[in-house]
1. How about the range 330-349: which of its residues are exposed (fewer than 12 other Cβ atoms within 10 Å of the Cβ) and touching a residue at least 40 places away in the same chain (Cβ under 8 Å)?
2. Quick one: which residue in THR363, THR345 is part of a helix (DSSP H, G or I), hydroxyl-bearing (Ser, Thr, Tyr) and at pLDDT 95 or above?
3. Restricting attention to the range 9-20, does a residue exist that is without any contact (Cβ under 8 Å) to a residue 12 or more places away in the chain, under 20 Å from TRP210 (Cα atoms) and β-branched (Val, Ile, Thr)?
4. Can you tell me which residue is surrounded by the fewest Cβ atoms within 10 Å (Cβ to Cβ) among those in the range 176-200 that are in contact with an Asp or Glu (Cβ under 8 Å, 6 or more places away or on another chain) and small (Gly, Ala, Ser)?
5. From ALA155, ALA143, ALA166, ALA130, grab the single residue that is modelled with pLDDT of 95 or more, assigned by TED's automatic domain parsing to the domain that holds GLY58, touching a Ser or Thr at 6+ places or on another chain (Cβ under 9 Å) and of a type outside the set (S, T, N, Q).
6. Out of all the residues in the range 284-342, which are farther than 15 Å from LEU273 by Cβ, within 28 Å of the chain's Cα centre (by Cα), modelled with pLDDT under 95 and of a type outside the set (A, V, I, L, M)?
7. Within the set of pairs 6 or more residues apart or between chains, which connect a residue that is closer than 16 Å to ALA112 by Cβ inside the range 166-180 to a residue that is assigned to a helix (DSSP H, G or I) and polar (S, T, N, Q) with Cβ atoms less than 6 Å apart?
8. Return the residues of the range 295-307 that are surrounded by fewer than 22 Cβ atoms within 10 Å (Cβ to Cβ) and either under 18 Å from ALA397 (Cα atoms) or in contact with an Asp or Glu (Cβ under 7 Å, 6 or more places away or on another chain) (or both); say none if nothing qualifies.
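The values are calculated or read from the model by the stated rules, or taken from the named source; none is laboratory data. Values in this document were obtained by computation on a predicted structure and should not be read as measured data. Don't worry about glycine lacking a Cβ; one is built from the backbone with ideal geometry, like all the others, and counts go over all protein chains shown.
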Amino acid sequence: MSVTFKQTTLDNGMTILAEIDPAAHSAAAGFFVKAGARDEQTSLMGVSHYLEHMMFKGTDDLDADAINRGFDDIGASNDAYTSREMTCFYAHVIPEKLSAATNMLGLMMRPALRNSDFDTEKNVILEEIAMYADNPFWVLYEACVERHYAAHGLAHRVLGTPESVAAMTRDSMEDYFNTRYSADNTVVALAGKLDFDACVEQISTLCGSWKQTNPPRNTNRPTTAKDPFTLHDERVNRGYLFALCDAPSVTDDRRYAAALLAQVLGGADNSRLHWALIETGLAEEAQAAYDGLDGCGDFFLYASGDPDKLDDIWDTISSEIKGLKDSLQESDLEKLRSKMVTASTLGSERPSDRMQRLGRLWTMTGKYMPLEEELALIGLVRVDDLRAICDEFPFDACTLGKMLPAESTD
């Protein structure tokens, strides 16, 4: 039997989705909350990620150990993540354990937010921030994003800053939770072998009392900066560069062309940057990627290598960008389409992957698109579509950041 899509909306505004596959040997559930770093006040930067941690600390009736044992007892593969635009809590289990996994997820989504847990977890978050501060890519990425988006919420760091996290209070977190973690801001996505009606009945009982808040989000395309900058750090001995430029949004029909263009330029292998930088030995790392966001999007370019050659690396990247439009060929798309079809087909065989695609897509677009339809749209992209992206969203109109050793000069 083929995969069947079903969707319903509870009276309180919560959306429940499912891709049902009777032939699957597992099932997955995920709670997707449209709350991320972009939705935070600057003074509360990092609260979405902090809340992700607090969900595992327990409810009024369950402590952290009970939540962990609850997932372990059913053999669940579960976790959570926070991004610029959403937070997700999920579990992947055998079909007989889906009800128990869904129950545990729903319960933990209403945390006690105890002061003692809040204080303990604050130290964990601060240690996590310190850990990422030792990662040159992450430091340069955050600095570039901050400058590129300036006063817009997309400039916020997902983890927050040591200052914002240290100053955060339990009550301010609760206020944010009450506004954002509402029924109408949450999508429950299911996939695999499951009984949809039974799942809806369970989730309605579990989450039917959640309130609606209609939380706002500014989706206007932000004005972005394009000023270069250089960081010096005595802890690094290599050179790093990161460039961020504007791109189509996640709801823009041109997002497929943008994704393909980024892969042509800087995919993991057989891309323009790979051959110009990695194969020639000029750089150690080189990549480009596209990220469609709510109301806007961005491309990023990243490379690392000998700090004395960093300018040469950027000159080579600039040369590849300049020649990209005219060098595009239909054969570029043919190879990428084949890779995407293979990757998507493999992912479609895993209910956990289907659940993630389903939940993220609906959370960001409010629409369902079968995988086969999306692959068909990718197949319709032509070279002229990629060339149009080059014209409207030029890679060289970017915020360019460099990181060099302290003793080096730019």
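1. GLU330, the sole residue that qualifies.
2. On the way: THR345 fails: at pLDDT 95 or above.
Of THR363, THR345, the one residue that is part of a helix (DSSP H, G or I), hydroxyl-bearing (Ser, Thr, Tyr) and at pLDDT 95 or above is THR363.
3. The answer is yes; a qualifying residue exists.
4. GLY192
5. ALA155
6. Scanning the range 284-342 gives GLU334, LYS335, ARG337, SER338, LYS339, THR342.
7. Correct list of pairs: ARG170/ASN115.
8. Within the range 295-307, CYS296, GLY305 qualify.
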